[in-house]
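Notes follow once the structure below has been shown.
The values are calculated or read from the model by the stated rules, or taken from the named source; none is laboratory data. A quick note: this is a predicted structure, and the numbers were derived from the prediction, not measured. So basically every Cβ, Gly included, is an ideal-geometry build from the backbone, and we count neighbours across all protein chains shown. With ligands, DNA and RNA removed, areas are computed over all heavy atoms of the protein, side chains included. Shrake-Rupley method; radii C 1.70, N 1.55, O 1.52, S 1.80 Å.
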Amino acid sequence: MDDQLRERVEAAAEEAALFNALKHDSDPDVGAIMGPLMGSNPDFRPHGDAIPGVIAPIVNRVAGMDAAERRDRLGELAPERLDELEADDEDDAHALPDLPNAEPGEVVMRAAPNPNGPWHMGHARMPSVIGTYAERYDGRFICRFDDTDPETKRPDLDAYDAILEDIEYLGFDPDVVLKASDRVETYYEHARELIDLGGAYTCSCPAAEFSDLKANAEACPHRGKDVETVHEEFDAMVAGEYDPGEMVLRVKTDIDHKNPALRDWVAFRQIDTPHPREEAAEYRCWPMLDFQSGVDDHLTGVTHIIRGIDLQDSAKRQRFVYDYFDWEYPEVLHWGHVQLDEYDVQISTSTIKELIEAGELTGWDDPRAPTIRSLRRRGIRGQAIVDAMIDLGMSTSDVDLAMSSVYANNRELIDDEANRYFLVRDRADDPAVELTVADGPDAGHPPLHPDHEDRGTRTVPAADVLLEESDLPADGDRVWLKGYGCVRYDADGEALEYVDDDITAVREEGVSVVHWVPAEESLETMLRTVDGDVVGYAEPRVADLAVDDVIQFERVGFVRIDTFDPNPASSGYGPTGEEDLVVYYAHP
């Protein structure tokens, strides 16, 4: 990190620390501001390992200020951030803009997932925003499964429930749940009405031939068919009498339109592959998404649609149908794509599915997978994801979601509840080292939570102990075993000689504080992380915890207690069944 970048990091950190302290009326900490800092400054991310050390002195300086000093300093650095804090109207602080032409009690919005697999993290943005808007306007939240493509984006029967579980985990309960594949007869009815209105015709042009006609703004020779013929041929499509590609139903638009993509687009096509849902398996004539979605949005009373900026043509296509039926088109908001850091796996349902099928991921909740299920298994609260998504706002540009912002949100939610324990990791480059503790107490008694004395302490036996090798001091130097006391390292004797329990060794003399576990009574632990599995040893009292409990391994991070069926030995990944404990790593 060069001097110029360091100065930028320091300046941004001071502003973030001041804002965080004033917003929450508490002292800032490095972890809480890392998320906003990285999210607002993507060029900082390659230096993520070094930045905590750079900003720690600044955070400490802000922690030493009183509220008035913090307010004055933020006013000097970023008066607009101070104005944000001081806004009287809570709505002024919303990251989400007000919806256009929205009346309380009348807003209806929809999420329209394709159920071809459980959701990845990019999918979380839509329910987060729609659910938040529905709550703000006392509106309705519709979840409609757009599952009318049984071939290219073939539905996964397990995904319907999986997606609803993801929405529930994020904290929302849809008012209405629909499956488009249950509504095919409704689309047929509207197609027939559209034919009667002169708005649709059947076309048997080969795809390449029609593409040339469209590009040259030339009318399809079938465009002038009489209504009776169009009805007959469409009924034959519904009856499955044509092969795929042999006949389509097109919406009659403006053949001279300046955008060729809007010229006489396909509304229905033939697909021979049966739908995986038994209720829809007999259909062979399927609506294209723009027709199906447009009809459903009107029939379900959708007032506001959010879609990607790359889908602007969808609204333009659908408006032709709406004009034929004399319907009012909903308000439309566009946004850019979400880009995610941290993961090596592409944010793509098809890619994740392929990796699972190939055995490279153990499932949708593998900690290495960028999925909602994975974060849930790691012990991250749904609200932490929602808050991070809301903070992205509604920019039409692509936006970066730093996972550190999700972690910062989650830390605020769980820190007070998560009791503390010790874990000593045993890594190839930093192995666990066994040492005897001489002439000291039989056990240490660290607190369960530093801010809650009423929760008491835990007992950690201290005869022979394990430390991470990197925590050992030089021979003859001291180290502080947290919750136990000061010891001196005897390298020759492979021992730690007890000195005393005077905390001034830490506060005034700079003796390092380390975590440790008993060598005999500790629990062999598999720590499952985004970067792979780590073996370690947890203190014995962790055995008393229940599955789904979230705790903090001190100086390591927050984890969720888990159970996990062992993988076949040939997989080389995941628990073997010999571990005493399996935990999923949430974040630092």
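The table below lists the values:
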read-out	value
Cross-chain or 6+ apart pairs with Cβ under 7 Å, the stretch 245-274 first and touching a residue at least 40 places away in the same chain (Cβ under 8 Å) and closer than 16 Å to S314 by Cβ, then small (G, A, S) and surrounded by fewer than 20 Cβ atoms within 10 Å (Cβ to Cβ)	V251/G199; P260/A215
Of residues in the stretch 5-43 being open to solvent by 80 Å² or more (accessible area, probe 1.4 Å) and modelled with pLDDT under 85, the one nearest to V556 (Cα to Cα)	D27
Complete set of residues in the stretch 193-209 that are exposed (fewer than 15 other Cβ atoms within 10 Å of the Cβ) and in a helix (DSSP H, G or I)	E193, D196, A207, A208, E209
Index of the failed condition, N419 passing every other in (1) open to solvent by less than 60 Å² (accessible area, probe 1.4 Å); (2) polar (S, T, N, Q); (3) closer than 29 Å to H120 by Cβ	(3)
Filtered residue count, the stretch 473-486, keeping only those that are in a loop (DSSP other than H, G, I, E, B) and among the β-branched types (V, I, T)	0
Candidates D212, D182 - the one that is open to solvent by 60 Å² or more (accessible area, probe 1.4 Å) and without any contact (Cβ under 8 Å) to a residue 60 or more places away in the chain	D212
Qualifying residues in the stretch 44-69 (those that are of a type in the set (A, V, I, L, M, F, W, C) and open to solvent by 20 Å² or more (accessible area, probe 1.4 Å)) - the one nearest to A402 (Cα to Cα)	A50
The stretch 215-225: number of residues that are surrounded by fewer than 17 Cβ atoms within 10 Å (Cβ to Cβ) and not aliphatic (A, V, I, L, M)	5
Condition check for Y133: over 25 Å from D290 (Cβ atoms), open to solvent by less than 30 Å² (accessible area, probe 1.4 Å) and either of a type in the set (G, A, S) or at pLDDT 95 or above (or both)	no
Test: E228 is open to solvent by 40 Å² or more (accessible area, probe 1.4 Å), in a helix (DSSP H, G or I) and either in contact with a helix residue (DSSP H, G or I) (Cβ under 9 Å, 6 or more places away or on another chain) or free of Cβ contacts under 8 Å to residues at least 12 places away in the same chain (or both)	yes
Residue match in the stretch 571-587 (condition: touching a Lys or Arg at 6+ places or on another chain (Cβ under 6 Å), modelled with pLDDT of 95 or more and not polar (S, T, N, Q))	yes
Single condition M109 does not satisfy, out of (1) surrounded by 23 or more Cβ atoms within 10 Å (Cβ to Cβ); (2) out of contact with any Pro (no Cβ under 8 Å at 6 or more places or on another chain); (3) part of a helix (DSSP H, G or I)	(3)
The stretch 498-529, residues that are touching an Asp or Glu at 6+ places or on another chain (Cβ under 6 Å) and surrounded by 15 or more Cβ atoms within 10 Å (Cβ to Cβ)	Y498, V514, H515, V517, A519, L523, M526
Test set (1) touching a helix residue (DSSP H, G or I) at 6+ places or on another chain (Cβ under 7 Å); (2) in a loop (DSSP other than H, G, I, E, B) - R411 fails condition number	(2)
Within the stretch 366-384, tally of residues that are open to solvent by 10 Å² or more (accessible area, probe 1.4 Å), within 18 Å of Y573 (Cβ to Cβ) and part of a helix (DSSP H, G or I)	2
Checklist (1) of a type outside the set (G, A, S); (2) in a helix (DSSP H, G or I); (3) surrounded by fewer than 20 Cβ atoms within 10 Å (Cβ to Cβ) applied to D156, failing item	(2)
Positions within the stretch 457-472 being buried (at least 17 other Cβ atoms within 10 Å of the Cβ) and not in a strand (DSSP E or B), in sequence order	R458, A462, D471, L472
Any hit, the stretch 417-424, residues being over 26 Å from S470 (Cα atoms), charged (D, E, K, R) and within 26 Å of the chain's Cα centre (by Cα)	yes
